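Structure record follows, encoded as structure tokens.
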Amino acid sequence: MPLLWVKLHGMTQDGPTRRDVLKAGATAAAITPVLTQPVLAGAAAPSGAITLLVNGERHQVEVEARVTLLDALRERLALTGTKKGCDRGECGACTVLADGKRIKSCLTLAVMQEGREITTIEGLAEGDELHPMQAAFLKHDAFQCGICTPGQIMSAVACVAEGHAGSDQEVRDWMSGNLCRCSCYPNIVDAIREAAGR
Amino acid sequence: MKLFDYVRATSTGDAVSAGGDYIAGGTDLLNLMKDGVEAPDRVVDINALPLGGISLDAGVLRIGALARMAEVAAHPAVRHRLPVISQALLDSASPQIRNMASISGNLLQRTRCWYFRDTAFACHKRRPGSGCPAQDGQNRWHAILGGSDRCIAVHASDLAVALTALEATVVTHRRRIPISEFYLLPEGTPERENVLESGELITGIEVPVTTLASRSRYLKLRDRATFEFAVVSVAAAVRLRGGEVDDVRLAFGGVAPRPWRSPEAEAALKGGPLTDERIRAAGQALVRDARPREHNAFKVELVQRALAQILGGFR
Ligand SMILES: Cc1cc2nc3c(=O)[nH]c(=O)nc-3n(C[C@H](O)[C@H](O)[C@H](O)COP(=O)(O)OP(=O)(O)OC[C@H]3O[C@@H](n4cnc5c(N)ncnc54)[C@H](O)[C@@H]3O)c2cc1C
Ligand code: FES
Ligand code: FES
């Protein structure tokens, strides 16, 4: 891992306006607060941090501005349930919920999600009790290799909550952002329809 | 992705003076940054600006720049009074992306031309003067109308096609731009895709709510049933009176570097019934100046069939 960290400053700006700056290039004065020039870990200043609320827990994470939510989840919080397939918004493997809405975590910066409540696949079960959607995926054998499954399940939970699981066709339409290379689509549709209470 | 400054703006003035690339949903900008097509030194997060919301007032629908695609598509006034907008949005991208992506970002998304998106290739749009491999290359997805020898990339937004048919206005922090004047044809400068100036911030979109707009539809033809960009698309608004076309607006996607309005096709339809013959004449008027390339000649036929199909639904 490269020893590049960002550093958090607090500065006050004159004038009526206020901005937050996450700074990963040259220092900008007069902007508040600032994450500055990447520095070697342990050098003069403390590492910078943003706060992410994930599965009900608050985490301080050190990130550069360019770190996506997906990479922050996987590599900083060790929440590796969320998968990286394409890293371009095309496969849906990285689907998580932000304030209850499904999003692709590869297409947003971690810092942009400060203040939102993120739910990942690790946050669905209640202790040892699976979420009904997880149980339905198991029952209907809705996966083979499993790489797409966490994204499918997160997307499916939202699909039902949105009221878009009223027919098999509706499920297919509204789950189209989640690809499955093992082509488990019929079983995925069955699982979602059952979890939605048909 | 190159390192960059990240700035969170809390007022429009702040955003404009921050001097960087705006980020809204991030669903296009971040892909372009990952691929090295864009490499801003500073990214200005505009999501905290009060530019959301959808309202209907005095015959005008106002959509805030930061309203999300999903939210606009589901809005009752949009669905009932301007259905083409809702349909075009629901036919776009995936549910996750529609939850994330803003209306302003949608209108400013860059082309999906694979030569533009892959920095290993020359591209006049990305590196003016370097070349256009699409002219003689894999140009199945490319323009048959409005292209130039320097660029035949098509504009990818479905929403922009719908808004073109409805004669919407793009509102920025300092002016109002009719959508017909917003997008530029490539000619010699494909790197300039629209009339926005550096730092100009879109604050919203205004759409006149008319009886014509309430009779509008979107038809998108693509290589798979859903979650795919258009091969060709049509937005049509038709008002019939006594069986004759009283007013009509047509805009096309997937065929040109900008949403393509065809006054010739509209003129061919006005003042008479929607017969097969008149629809055929409109289609021919649409493609009269078409200049297909090696792999996209099929679009000349396909766009006429799409037109016939959507107009058939108004009979
Ligand atoms: C897999 C995939 C499939 C897709 N399929 C479709 C499809 O079928 N149809 C379709 O139409 N689109 C499709 N899209 C494109 C998608 O709709 C766009 O990525 C999205 O609308 C961009 O919005 P955003 O808010 O995320 O923009 P961002 O990525 O945040 O910004 C895009 C551009 O707009 C600029 N910008 C944003 N807001 C403003 C503003 N207020 N003022 C000035 N500049 C601004 C940014 O600086 C940037 O240059 C698809 C995208 C993906 C990833
Ligand atoms: S990894 Fe995000 S959509 Fe594929
Ligand atoms: S189970 Fe293998 S990709 Fe879906």
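The values are calculated or read from the model by the stated rules, or taken from the named source; none is laboratory data. Just so it is clear, the structure is predicted and the values come from calculations on it, not from any experiment. In this analysis, Cβ positions are derived from the backbone assuming ideal geometry, glycine residues included, and neighbour counts consider all displayed protein chains. Note: areas computed on protein heavy atoms with side chains; ligands, DNA, RNA excluded. Shrake-Rupley method; radii C 1.70, N 1.55, O 1.52, S 1.80 Å.
So how do A:159-166, B:215-222, A:187-194 stack up, highest first, on mean other-Cβ count within 10 Å?
Values: A:159-166: 17.1, B:215-222: 20.6, A:187-194: 22.5.
Per-residue mean Cβ counts within 10 Å order the peptides as A:187-194, B:215-222, A:159-166.
Ranked by accessible surface with a 1.4 Å probe, highest first, in what order do A:LYS101, B:LYS125, A:LYS139, A:LYS83 come?
Largest to smallest exposure gives the sequence A:LYS139, A:LYS101, A:LYS83, B:LYS125.
Given a Förster distance of 60 Å, report the FRET efficiency between B:ARG291 and A:ASP128 from their Cβ-Cβ distance, rounded to the nearest 0.05. Present the calculation step by step, with values, prior to reporting the outcome.
On the way: r = 65 Å, r/R0 = 1.08.
FRET efficiency, B:ARG291 to A:ASP128: 0.40.
How much of the accessible area of segment B:1-50, probe 1.4 Å, is carbon plus sulfur, in whole percent?
C and S atoms contribute 49 percent here.
Can you give me the orientation-averaged projected area of the convex hull built on the Cα atoms of segment B:221-308, in nm²? Numbers along the way, then the final one.
Details: hull surface 24.2 nm².
Result: a mean projected hull area of 6.0 nm².
How many angstrom lie between the C-alpha centres of segment B:267-288 and segment B:107-183?
27
In µm²/s, what is D for segment B:1-50 at 25 °C and 0.890 mPa s, where D = kT/(6 pi eta Rh) by Stokes-Einstein and Rh is the Kirkwood radius from Cα pairs? Walk me through the numbers before you get to the answer.
Numbers: Rh = 10.9 Å.
Roughly 224 µm²/s, to the nearest whole number.
With charges only on Cβ, +1 for K and R and -1 for D and E, what is the dipole size of the protein assembly as shown about its Cα centre, in debye, rounded to 20? Walk me through the intermediate numbers first.
Working: 60 positive and 58 negative charges, 181 e Å.
Roughly 880 debye, rounded to the nearest 20.
Can you check what the Kirkwood hydrodynamic radius comes to for chain B, Cα pairs only, in Å to one decimal?
Values: mean 1/r = 0.0501 Å⁻¹.
Final number for the Kirkwood radius of chain B is 20.0 Å.
Let me confirm one metric for peptide A:95-103, namely the mean number of other chain beta-carbon atoms within 10 Å of its residues' beta-carbons. Kindly include the intermediate steps, with their values, before the conclusion.
Values: counts 3, 1, 2, 3, 1, 1, 7, 8, 9.
Mean partner shielding for this stretch: 4.
So what does the Cα-only Debye profile of segment B:130-288 read at q = 0.10, 0.13, 0.20 Å⁻¹, as log10 I(q)/I(0), no solvent term?
-0.41, -0.68, -1.33
Mind ranking B:179-190, B:2-13, A:126-137, B:243-254 by how tightly packed they are, going by the mean number of other C-beta atoms within 10 angstrom, highest first?
On the way: B:179-190: 18.0, B:2-13: 20.0, A:126-137: 15.2, B:243-254: 21.7.
Top of the packing list down: B:243-254, B:2-13, B:179-190, A:126-137.
Answer with one residue from B:VAL238, B:ALA267, B:GLY253: the one whose Cα lies farthest towards the positive end of the charge dipole of segment B:233-275, charges on Cβ with Lys, Arg +1 and Asp, Glu -1.
Projecting each Cα onto the dipole axis, the largest value belongs to B:GLY253.
Percent of Cα-Cα pairs more than 21 Å apart in segment A:82-170, please.
Values: 1203 of 3916 pairs.
Roughly 31 percent, rounded to a whole number.
Round to a whole angstrom and tell me the spacing of the C-alpha centers of segment A:91-123 and segment B:1-38.
Each part's Cα centre sits 19 Å from the other's.
Which of B:SER102, B:SER130, B:SER92 ends up with the largest GNM mean-square fluctuation for chain B, with Cα atoms connected below 10 Å?
Greatest mean-square fluctuation among the candidates belongs to B:SER130.
Can you give the average number of partner chain beta-carbon atoms within 10 Å of each beta-carbon in peptide B:27-38, as a whole number? Working shown, then result.
Numbers: counts 7, 2, 2, 10, 7, 0, 2, 6, 1, 0, 0, 0.
Mean partner-chain Cβ count within 10 Å for B:27-38: 3.
For q = 0.24, 0.27 Å⁻¹, what log10 I(q)/I(0) does segment A:132-197 give under the Debye formula with an equal point scatterer on each alpha carbon and no solvent?
For segment A:132-197 at q = 0.24, 0.27 Å⁻¹, log10 I(q)/I(0) is -0.96, -1.26.
Please get the size of the charge dipole for chain B, origin at its Cα centre, with Cβ charges of +1 on Lys and Arg and -1 on Asp and Glu, quoted in debye to the nearest 20.
Working: 40 positive and 35 negative charges, 116 e Å.
Charge dipole, chain B, about its Cα centre: 560 debye, nearest 20.
By how many nm would the segment from B:ALA74 to B:SER17 lengthen if fully extended, with 0.36 nm per residue of separation less the alpha-carbon distance? Can you show the working numbers first?
Values: separation 57, 0.36 × 57 = 20.52 nm, distance 3.39 nm.
The B:ALA74-B:SER17 span can extend by a further 17.1 nm.
When the convex hull of the Cα atoms of the protein assembly as shown is projected onto a plane and the area is averaged over all directions, what value comes out in nm²? Numbers along the way, then the final one.
On the way: hull surface 102.8 nm².
Here the figure is 25.7 nm², rounded to one decimal.
On the first, second and third principal axes, largest extent first, how far apart are the outermost C-alpha atoms of segment B:60-111 in Å?
Sorted from largest, the Cα extents of segment B:60-111 read 28, 20, 18 Å.
Rounded to the nearest 0.05, what FRET efficiency is calculated for A:ASN55 and B:GLU277 with R0 set to 41 Å and r the Cβ-Cβ distance?
Values: r = 63 Å, r/R0 = 1.53.
FRET efficiency, A:ASN55 to B:GLU277: 0.05.
Based on Cβ point charges of +1 for Lys and Arg and -1 for Asp and Glu, what charge dipole magnitude is obtained for segment A:52-97 about its Cα centre, in debye rounded to the nearest 20?
80
Taking 0.36 nm per residue of separation and subtracting the Cα-Cα distance, what length does fully extending B:ARG222 through B:PHE298 add?
Working: separation 76, 0.36 × 76 = 27.36 nm, distance 1.30 nm.
Taking B:ARG222 through B:PHE298 to full extension adds about 26.1 nm, to one decimal.
Given the alpha-carbon gyration tensor of segment A:49-123, what are the semi-axes of its equivalent ellipsoid in whole angstrom, ordered largest first, with each equal to the square root of 5 times an eigenvalue? It would help to have the intermediate numbers written out before the result.
Values: eigenvalues 55, 37, 24 Å².
After diagonalising the Cα gyration tensor, the semi-axes are 17, 14, 11 Å.
Quantify how strongly other chains surround peptide A:176-185 by giving the mean number of their Cβ atoms within 10 Å of each of its Cβ atoms. All intermediate terms of the calculation are to be shown ahead of the outcome.
Working: counts 8, 9, 4, 2, 0, 0, 0, 0, 0, 0.
That works out to 2 on average.
Take the alpha carbon atoms of segment A:138-198, find their center, do the same for segment B:239-266, and report the distance between the two centers in whole angstrom.
39
Roughly what would the spin-label model give for B:GLN138 and B:GLU181, points 7 Å off Cα along C-beta, in nm?
Each label point lies 7 Å from its Cα, and together they span 4.0 nm.
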